[in-house]
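I have placed the structure first, in the form of structure tokens, so that the comments after it can refer back to it.
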Amino acid sequence: MYQSRCIEDGYTVDEVIEMISEAFNDGAHVAPGWSTVLVSPKARVNNAGKSIRDEAVFECHGRLPHPELRTVIPRGDGKDHSKKKNATR
């Protein structure tokens, strides 16, 4: 999470903590079709004045059913968060 949000996207650690807090809000709901994604119930305004809706993505598999927070995604910040890493063999 530090690599993707702080190093690649330029967020501070405090901003990432705020994203996590918003995504874990009491009113957060599970994203339709994605049982491992929590979505913030309300949008927040970031430092640049953009309306952001935070999503928490969990790593959870059938053989390892204990979810871990993998990353948070600030939807609406104008950055491309769908970057795919090249698989290595």
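Worth pointing out:
- Interchain or long-range residues, amide H under 5 Å from residue 70's placed H: 57, 58, 59
- Segments 70-76, 46-52 sorted - mean Cβ within 10 Å per residue, highest first: 70-76, 46-52
- Note on the chain: with a GNM built from Cα contacts shorter than 10 Å, the maximum mean-square fluctuation among 65, 41, 32 falls on 65.
- Ordering 29, 78, 43 by Cα displacement along the dipole of the chain toward the positive end leaves 78 in first place; charges were set at the Cβ atoms of Lys, Arg (+1) and Asp, Glu (-1).
- Put simply, the C-alpha atoms of the chain give a gyration tensor, and the ellipsoid matching it has half-axes of 21, 18, 12 Å, longest first.
- Cut-off 15 Å between beta-carbons: net charge of the residues surrounding residue 47, Lys and Arg +1, Asp and Glu -1: -3
- Over the chain, dividing the summed -39,500 (n - 2.57) contributions of all DSSP H runs of at least 4 residues by the number of residues returns a 222 nm mean residue ellipticity of -3500 deg cm²/dmol.
- Simple point charges give the picture: +1 on the Cβ of Lys and Arg, -1 on the Cβ of Asp and Glu, and for the range 2-75 a dipole about the Cα centre of about 240 debye.
- For the chain, relative contact order (Cα pairs under 8 Å, six or more residues apart, normalised by length) works out to 22 percent.
Here, each number is a calculation from the coordinates, and none is a lab measurement. Predicted model, so just to flag it, every value in this text is computed and none were measured. Positions of Cβ are backbone-derived with ideal geometry, glycine not excepted, and every protein chain shown enters the neighbour counts.
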